[in-house]
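Have a look at the structure below, then the notes.
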Amino acid sequence: LLSEGAPEFDLERLRYQHFIQRLEQEYPAYHEIKHRPFNVLPSREIWKNMATDAAIVEYFMGREHLYIFVITPQNGLNMFRQALPTDFLGICRQLRAMAENTDSAEGLSAYPALANVAYEVLLKQALLALPPATRRLCIVPEGGLSGLPFDILPTRPVTAWQGTQTPILLNRFALSHT
């Protein structure tokens, strides 16, 4: 079981294997859950059980495109493909940094340019796909979008940060993130 290359690694792996074996023996439910076949829930099962004022927006980022999945009980599943601008993740990082330092006048002056790019890429198509009754939005970001402050992204293009008057997602929807 142990090799000559990295004995400390092999020892840790052996300890881990023993731990898992003991876990499976002492907690049969763990073994059952671990080896149970994974069933994928069809999207129809998701949207037909949603509240009429709820929607899910999920993102998957490829190299050149962002794929946006919008699920609503009224319209089911819609998918959009959006070209990614150069250094889009850099824009996302700047927005995240700006959200963490709201006292910076420099950051607030940069908000419109950064937020408008994020709106065009992330939200424009998704918001158009939402029924008017939508009041609750669950956002499922992926990869580099995970730390993005979706709450402060605009629901339409903006020219300046206007405090509570800025048309941001948080002012329009009850938001949840996964």
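What follows is calculated from the coordinates using simple rules that are stated; it is not laboratory data. Worth saying up front: this structure is predicted, and the values here are computed from it rather than measured. FYI the Cβ positions are ideal-geometry reconstructions off the backbone, even for glycines, and counts take in every protein chain you see.
Estimated purely from DSSP H runs of n ≥ 4, each contributing -39500 (n - 2.57), the mean residue ellipticity at 222 nm for the chain is -11500 deg cm²/dmol once divided by its residues. For the stretch 28-128, GluC sites (Glu not before Pro) are listed when DSSP marks them as loop and at most 15 other Cβ atoms sit within 10 Å of their Cβ; the list is 64. Once you list every other residue whose beta carbon is under 12 Å from the beta carbon of residue 52, what net charge do they have if Lys and Arg are +1 and Asp and Glu are -1? Neighbour charge sum, excluding residue 52 itself: +2. Summary value for the chain: 20 percent relative contact order, contacts being C-alpha pairs under 8 angstrom separated by 6+ residues.
Taking each residue as 0.36 nm, the span from residue 175 to residue 110 lengthens on full extension beyond its C-alpha to C-alpha distance by 21.0 nm.
DSSP beta bridges fully contained in the chain are about 60 percent antiparallel. The trypsin sites (Lys or Arg not before Pro) found in the stretch 9-84 that occupy coil by DSSP, while having at most 16 further C-beta atoms within 10 Å, are 48, 63. The HN-Hα couplings worked out from phi for the stretch 26-35 by the Karplus form 6.51 cos²θ - 1.76 cosθ + 1.60 (θ = phi - 60°) are 7, 10, x, 4, 4, 4, 4, 5, 4, 9 Hz, whole numbers, x standing for Gly and Pro.
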